[in-house]
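Trainee: Take a look at this one; I'll ask things after.
The values are calculated or read from the model by the stated rules, or taken from the named source; none is laboratory data. Bear in mind that the values here come from a model prediction, so they are computed numbers and not experimental data. A quick note on method: Cβ atoms are made from the backbone with ideal geometry, for glycine too, and the neighbour counts reach across all protein chains shown.
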Amino acid sequence: MVGIEKTDFLKYQNVNQYQKLLTQNHTVRIWGIKSTKLTPYNKASINDIVLFYHKGFMVGRATISFKDNNQNLSKEIWGYDQDRLNGKIEYWENLIFLENFGVINMDFRVLIDYASFSPKASVRGFNEYSQVGTIALLKEHGTIEKFLSRHK
């Protein structure tokens, strides 16, 4: 949620390709996703809304401005993760750049109810919200933005 100051971000190697795309941002918000979550990453599109989860609450929201795969940048920012069982090294190389960040305060149970998930459902990594939940939410509120505006 905090992000990286743009001046600090531009100090990383090989980020010139992003400079034109980040013109309006003072803070660069970037999310790296391992290849184990490649399916939801590939389904995510520009202007999709991303919600941030922390301890039972959705605490932030942003929209996807662009995506890229960049293992070198991922390695510079976050290093790597080594699987304890097989020793395989993984990177958060599937990058999602975010804009229009805002703080929200929504109990995750709200999304559980719309989607008819199990009450014990939790968020694990980067996931796509259920189609059932999205349809129910849109039916009641008209747009995702109207729904989220109730949770600021």
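Let's see how each residue does on (1) among the aromatic types (Phe, Trp, Tyr); (2) surrounded by 15 or more Cβ atoms within 10 Å (Cβ to Cβ); (3) within 22 Å of residue 147 (Cα to Cα); (4) within 11 Å of the chain's Cα centre (by Cα):
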site: 18; (1), (2), (3), (4): yes, yes, no, no
site: 22; (1), (2), (3), (4): no, yes, no, no
site: 32; (1), (2), (3), (4): no, yes, no, yes
site: 38; (1), (2), (3), (4): no, no, no, no
site: 54; (1), (2), (3), (4): no, no, yes, no
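Trainee: Turning to a different aspect of this structure: Determine if region 77-90 includes at least one residue that is small (Gly, Ala, Ser), at pLDDT 90 or above and out of contact with any Phe, Trp or Tyr (no Cβ under 6 Å at 6 or more places or on another chain).
Mentor: Yes, the conditions are met somewhere in region 77-90.
Trainee: Any residue in region 80-94 that is exposed (fewer than 12 other Cβ atoms within 10 Å of the Cβ) sitting within a Cβ distance under 7 Å of a residue that is among the β-branched types (Val, Ile, Thr)? List the pairs, counting only those 6 or more apart or interchain.
Mentor: Note: pairs meeting the criteria are 82/89.
Trainee: Answer yes if at least one residue in region 78-91 is more than 13 Å from the chain's Cα centre (by Cα) and of a type in the set (Lys, Arg), and no otherwise. I'd like the intermediate steps shown before the answer.
Mentor: Initial filter on region 78-91 (more than 13 Å from the chain's Cα centre (by Cα)): 78-91.
Subsequent filtering for residues that are of a type in the set (Lys, Arg) retains 84, 88.
Yes; the residues of region 78-91 include at least one that is more than 13 Å from the chain's Cα centre (by Cα) and of a type in the set (Lys, Arg).
Trainee: Of the residues that sit in region 116-148 and are surrounded by 15 or more Cβ atoms within 10 Å (Cβ to Cβ), out of contact with any Phe, Trp or Tyr (no Cβ under 7 Å at 6 or more places or on another chain) and among the hydrophobic types (A, V, I, L, M, F, W, C), which one is modelled with the lowest pLDDT?
Mentor: Out of the qualifying residues, it is 117.
Trainee: Related question: What pairs come out if I take residues in region 58-70 that are closer than 17 Å to residue 14 by Cα and pair them with residues that are surrounded by fewer than 18 Cβ atoms within 10 Å (Cβ to Cβ) whose C-beta lies under 6 Å away, six or more apart or interchain?
Mentor: 66/21
Trainee: Tell me, please, whether a residue that is farther than 30 Å from residue 69 by Cα and in contact with a helix residue (DSSP H, G or I) (Cβ under 6 Å, 6 or more places away or on another chain) can be found in region 138-148.
Mentor: Scanning region 138-148, I find at least one residue that is farther than 30 Å from residue 69 by Cα and in contact with a helix residue (DSSP H, G or I) (Cβ under 6 Å, 6 or more places away or on another chain), so the answer is yes.
Trainee: Identify the single condition in (1) among the aromatic types (Phe, Trp, Tyr); (2) closer than 24 Å to residue 120 by Cα; (3) touching a strand residue (DSSP E or B) at 6+ places or on another chain (Cβ under 6 Å) that residue 31 does not satisfy, given that it satisfies every other one.
Mentor: If we test residue 31 against (1) among the aromatic types (Phe, Trp, Tyr); (2) closer than 24 Å to residue 120 by Cα; (3) touching a strand residue (DSSP E or B) at 6+ places or on another chain (Cβ under 6 Å), just (2) comes out false.
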